[in-house]
Structure formats: structure tokens, C-alpha cells
Amino acid sequence: MEQRPVIERFATVTLVAGVGFFGLSVLLFAWLPFQLTRQVPMVTVEEIAKQPIPEFYDLARRYPEQFMKYFGEPNSESYARALRMGRDIYIAEACWHCHSQFVRPVSNEDIRFGRVSYAAEHQNELQLPQLLGTRRVGPDLIRSAGKHGNDWHAAHFYEPRWVVPTSVMPSYKWFFDPPAKPGDPPQPNARGLAIINYVQWLGSWAEPLPPPILPAQAAQP
Amino acid sequence: MSESQYPQPAPVETRLVFWYFVAGMVYFAIALLAGFFFSLQFLNHYPFAGIEWLSPGRVRMLHTNAVAYGFILNCFLGALHWVVPRLTRYPVASRGLSWFIFWAVQAIVLATAFGLLAGHAQAIEWGETPLYVDPFVVVGLILMGINFSVPIFKASRKPLYVSLWYFSVAFVWTTLNYVMGNFIPQFFTPGAAGAAIVGLFIHDLVGLLVTPIGWGLMYYFVPVILKKPIWSHAVSLIGFWGLAFFYPLQGVHHFFWSTIPMFAQYSAVVSTIGVEVVVMTVFVNFVATVRGRGEAFKQLPIRWFYTGIVFYMITCAQCAYQALLTTQKIIHFTDWVVGHAHLVMFGVFGFWILGIVTELWPRLTGRPWHNPSLNTAHYWLSTAGMLIMFVDLLAAGVLQGYLWQSLAPWEQSLVASVPFWAWRTASGLMIIAGQVLFFYNMWRTAAAPLPAAETKPVPEPVTV
């Protein structure tokens, strides 16, 4: 039998390199971060839903027939349902490929978006799986609560260029029911209401910062 | 080219290799179209606006998943069925199992494509495969591992060649990685810890599946075509063990400046630089192998391989530089990363696959290339398109990063990016034009009448 150096053997390669080194990476980069972050308990949707955001009630008032049809009364139960549905749509439409959900402590992001992200704000059931994101074509969304009204969001989802002329965001016309009479505006359906509610929820827990000091050029509308 | 330049042939399922390449190229065509249409969204000329199942966000996932699981995995499996029996001189575990895996892969890719377009995606980057498909992927990976490990294990009574180290470990890694990346963040770890695991998964899919199989194939095809051994066995050992140790440790660099604990972010910087230094030895090994053999570049496969190897060197140098916390302040979230990803997936591994198909297609079909000059045009269009896209997206990324930092209104970064996005689409069209020539050439070659004195059965024509 020819001489076989240990590091060139099938068992060494598969067990040391394959299982061992991979296990080391899991230990350092999965198990350790998990041990650190689990000190903050994960919040369930039901706990979040104890206090619906004001925008949720606004949706119920602004689109009463649609809201009643798809979600019933605005309460904690319907709010939890809307949050879960909104998160699922956010994933299904791959919103997270073009929008992130964390504000970095660099690149003036706290001035542009708001308070820098902290680990506890991602410790909730709606971050299973996490939606931090790796690309921004559009802006970060973790501080978007209340930045725009529900009507702005409805117009923006229907045709983004109506409110942001240079936007490259796709239009999501399937978030809307066709108008009852020709000429009426399309009304958001269950998916439209849910995704607007979800975006309005993002960052609703973070206390607002004082208004940012922007360069003169950026301050103009 | 004569058969004698290859090692003694072992039972190779030639038709299986052929069909893997056909399937790979069909998904490649789909991926190219999906990428092209998605790029039109950035110019606000998306042709299917308002159609839910062809929403740009869903088509984007189709693009990346068709590249990874349709194009690269299929072509790699085909090449493995060609290489492993030759290197080990044993057939794969089971002929029936091989064909079962072939159909299982196609079923999984099609189910994934359906799930993505239907809105059942999972929010794991590169793992958007719907949750209901994931268990089948794991079973498939285990079966692939068994199928190829049996001949490698039998051959391991003698010292194993470097290619076989890479092949035998790739399926162990990928099975573990797939289970970790698709199930733990989905059910157990939210937020920062989940992001750390997803980072590992994103990086390990490229680093522990595509990279080892790609390098293993290069360690086979380059010496065989050059008819000379690889320059240094010792250096190939360093390359392998360096990759094996450092590669799994760097996934967190996809989420720098996030809420992931900083010790993980700092370690990811160190191991990223570490792996790039170590894999540079692989680059040196291959350059030293081809040294003094400049005439070999007249052979198109060698040209594909070495262009890919140079691109690999560029991506590694770039990776060590871009994974610094300082650089990340500007280039993270921008098109810079998109350019990097395209150079890795197409410029390196895509180029290697195209070189392998260029080399093997006449041998699989038993016919000479219909028109070799089309293959030359294919090479130049792909290389030029890839380089333009890479430089263009890098420049766009730097511009976007500084515009965001400058606090200019967000829309300004969109307006400034439009010319770059237009160039991206144009360079993508160059790449597509090259592949159309190649697909046409493949089809004409396979459909041509057999040369005289050949009695092989006629494979069915390739339609892509």
C-alpha cells in the first residue's frame, strides 16, 4: 500500500475539514451570537398586538368598507393577523432584496433615517427569519413608522411614480381591488391594508429623535 | 483531441453528462432572461408591469436561484459524473441513483421556480427555495454525497488527488449548511443571531459548494488539457486546507455594522482577509502550471479557465479589501456588491463551466463543433460584457455610497444611478448575445449528422 499522509485521507478531509471546521464556524458565529442575543426574550406577535399602532385605526377609518370586509373590527386580534400577513407579503414580494431593516451607526444613517438599530428591536417573532437585508435600492424601512400617511402609502404601492417621480420601485396593483364605479380610486384589498400596516409598524417602538439637521440642499422638498 | 490524453476511462454515464449540460443551459437561458427583465425595472421599462406572477421582485429571485441551482449545480453535477469515475477509476455508487438524482434536481428546480413566482419564497438569501421544497433538497444533497463518495472512498486506498478532497467535502459541507441556513433562522433564531446564521449560509453556499467543486474541476481539467501535472502538490494542500479552515468563518461580513455582536464582525474581517491570502496560493499554483505554455491559450477551454482564474484572483483581492469595516461604510448596500457577485458567479464559475462544456460537448455528442468561430465570439462577448458590467456596477456602488453619506435626497442616488443601470443592461445584452451564439452552436452540433465511422446513438437535438 502506498503511503497516505494523514491530511490527504478521505476520513480526515470529510471529518476534520467537513464536519470539524464547519462545526467550529457554527459554534463561533451561530451559537455564541445566539447565546448573547437570547438574553433579550423574543417578543411574540400577540404581545406586540396588545397595542395597535394609530395608523391601524386610521386604515379602518380611511377604508371602512374594505377594512370591515377583510379584517373586521380594528382590535388586537385583527392587528396581529394584519401584521403577520404584511410580513408574509414583504417576503413573498421580496421587498427585503431592495430595502434593509437596520440603521447603521456610520455613513450619517442616524441623521437620514433615525436612531441607530439595537439588537432588541429585532428580537421578535416577525424577524423569523430575519429581514435585515443586504441591499438598498430604496431607503431603509426600520424607522418608517409614521413618516408618511396611509394615503401616501396606498398611492405609492399602486404606482410609486405618482408620489416619487424618479422611483424605480415596481407597482403592486394586485394589492388593490378594482374601483366599484369607473373614476373612483382603487381601494386597498387585504394585502394592501396588511402591507401598509406592516410598514407603518416598522420602527413604531423607537422613540422619535429631534428633527435632523440637514444640509440646506437636502432640506428642500 | 484523442482519448489517450485522459486517464483510463471508467464507466461514465455519457448520456447523463449530456443531459445535465442540456438542463444546465436551459436554466442558464432562463436566468439570463430573468436578469435582463429585472434590470429593465431599474430603467422603468419593465415589460410585465402589473402581472403579479412576473413581479420584478419575484423574477429577481428566479434569476439568482436559476443561476445557483439550475445552471451551476446541474453543470457541476454533469462534470462530476465525467470526472469522478476517471479520477477514481470506479463508477459512481449506482447508475439508477444517478438518474434518480438527475430527475430529482430538475423537479426541485422547477418546484422552486414555481414557488418563487407564486409568492411562497423563504426570506433567506440564496435559499429562497420555498420551505416545503427544502427537505427534498436536503435528501437530494445526501444522495449526491453518497453517490460520489462511494467511488472516492474506494479509491482512497491510494493517496487521493486534490480534486477528490474538494469533491468529497463539498457535499458534507453543503448538507450541513443547507440544514443550518434554511431551518434555524426560520424557526429558532430571530434578529441578529438569525442574521449571523444567514450570513454564514449565503457565504457558504458559494464558498463551500460552488468554490470547492469549481476548483476540484479545475485541478482536473487544466492539467489534463495541458498534458502536464499541476505545479505543486504542497501548494495545493495549503490552498485546500486554508479554504477549509477560513471559508466557514466569514459569513458575518454580509452584515457589517448591524446588530450582530461585534466580536463576530471583527473575526469575520480577519478570516476574510485570511482566506483571500490563502487562496491566492491556488492562483499561484495554476499560473505556475501554465507558465511557459503560452500557446495553450489558443485552446478555448484553457482560455475560459484562465480568464476565470484571473477573475477569481480579482474577486479575492477585492473581497479582502471590501470586507473591511471602513470600506463597508460606503459600499455596503450598493451596486458594488452586485458587481462583485456577478464576477464571482458568472465571471469565475460560469466561465469554468462554459470552458468545460466547450471541451466536452464534441466528446459527448461524438461530433465536432458545428462552427468553432462562434465559440470564439461567445468567449469575447462574455468576457467583454462581464468586464463592462463589473466596472460599471463598482463605479455605481461608490457613487451611491457617497451620495447616501452626503445626505442628498434619496432620489438623487436613483437619478445618478440610471446611466450605470443602462450600461448594466447593455453589458448584460452582450453576455446574452454570446450565450445565444453558444446555445445555437450546441444545438447545431448535437443535431448534425454523425461523422462517418461512428456508430453511437444519435442524441436528441438540444432546444434552448
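The values are calculated or read from the model by the stated rules, or taken from the named source; none is laboratory data. Predicted, not measured: the structure shown is a model, and the values here were computed from it. Neighbour counts run over all protein chains shown; Cβ positions are idealised from the backbone, glycine included.
All of A:Gly114, A:Gly133, A:Gly146 fail the test of being surrounded by 20 or more Cβ atoms within 10 Å (Cβ to Cβ), on the phi > 0 side of the Ramachandran plot, in contact (Cβ under 8 Å) with a residue 24 or more places away in the chain and out of contact with any Cys (no Cβ under 9 Å at 6 or more places or on another chain), apart from A:Gly114. Taking the criterion of being under 24 Å from B:Phe187 (Cα atoms) and of a type in the set (Gly, Ala, Ser), the residues of region A:2-38 that qualify are A:Gly23, A:Ser25, A:Ala30.
For region A:37-77, the set of residues classified as without any contact (Cβ under 8 Å) to a residue 40 or more places away in the chain, within 14 Å of chain B (Cβ to nearest Cβ) and part of a helix (DSSP H, G or I) consists of A:Glu47 only.
Taking the stated definitions as given, is A:Tyr172 in contact (Cβ under 8 Å) with a residue 24 or more places away in the chain, surrounded by 22 or more Cβ atoms within 10 Å (Cβ to Cβ) and aromatic (Phe, Trp, Tyr)?
When the stated conditions are applied, A:Tyr172 passes them.
Of everything in region A:22-40 that is under 22 Å from B:Gly242 (Cβ atoms) and in contact with a Phe, Trp or Tyr (Cβ under 9 Å, 6 or more places away or on another chain), the residue that is surrounded by the fewest Cβ atoms within 10 Å (Cβ to Cβ) is A:Leu24. Applying the condition of being surrounded by fewer than 18 Cβ atoms within 10 Å (Cβ to Cβ) and within 21 Å of the chain's Cα centre (by Cα) to region B:433-457 and asking which residue is farthest from B:Leu360 (Cα to Cα) yields B:Ala433. Within region A:70-129, the set of residues being closer than 20 Å to B:Tyr402 by Cα and of a type in the set (Val, Ile, Thr) comprises A:Val103, A:Val106, A:Ile111, A:Val116.
Regarding region B:171-181, can at least one residue be identified that is surrounded by fewer than 24 Cβ atoms within 10 Å (Cβ to Cβ) and among the polar types (S, T, N, Q)? Within region B:171-181 (the criterion being surrounded by fewer than 24 Cβ atoms within 10 Å (Cβ to Cβ) and among the polar types (S, T, N, Q)), the answer is yes, since at least one residue qualifies. When region B:24-47 is examined, which residues are found to be assigned to a loop (DSSP other than H, G, I, E, B), at the interface with chain A (Cβ under 10 Å from one of its Cβ atoms) and not aliphatic (A, V, I, L, M)? Of everything in region B:24-47, those that are assigned to a loop (DSSP other than H, G, I, E, B), at the interface with chain A (Cβ under 10 Å from one of its Cβ atoms) and not aliphatic (A, V, I, L, M) turn out to be B:Phe42, B:Asn44, B:Tyr46. As a summary of the residue check, B:Ser373 satisfies the conditions (1) in contact with a helix residue (DSSP H, G or I) (Cβ under 7 Å, 6 or more places away or on another chain); (2) free of Cβ contacts under 8 Å to residues at least 40 places away in the same chain except for the one numbered (1).
Could you go through region B:300-323 and let me know if any residue there is modelled with pLDDT of 95 or more and touching a Pro at 6+ places or on another chain (Cβ under 9 Å). The answer is yes; a qualifying residue exists. Checking every residue in region B:280-295 against the condition of being closer than 21 Å to B:Tyr178 by Cβ, in a helix (DSSP H, G or I) and among the charged types (D, E, K, R) gives zero matches. If you check B:Leu226 against the conditions, is it in contact (Cβ under 8 Å) with a residue 60 or more places away in the chain, surrounded by fewer than 24 Cβ atoms within 10 Å (Cβ to Cβ), under 30 Å from B:Gln328 (Cα atoms) and more than 9 Å from chain A (Cβ to nearest Cβ)? No. Screening region B:159-192 for residues that are closer than 18 Å to B:Ile230 by Cβ and of a type in the set (Phe, Trp, Tyr) and picking the one that is nearest to the other protein chains (Cβ to nearest Cβ) gives B:Trp165.
If you filter region B:48-73 down to residues that are within 23 Å of B:Gly127 (Cα to Cα) and of a type in the set (Gly, Ala, Ser), you find that the one that is nearest to the other protein chains (Cβ to nearest Cβ) is B:Gly57. Of the residues that sit in region B:248-266 and are more than 7 Å from every other protein chain (Cβ to nearest Cβ) and among the polar types (S, T, N, Q), which one is surrounded by the fewest Cβ atoms within 10 Å (Cβ to Cβ)? Among those that are more than 7 Å from every other protein chain (Cβ to nearest Cβ) and among the polar types (S, T, N, Q), it is B:Gln265. Counted as qualifying within region A:85-198 are the helices (runs of 4 or more DSSP H) with 3 or more residues that are facing chain B (nearest Cβ under 10 Å), namely A:109-112.
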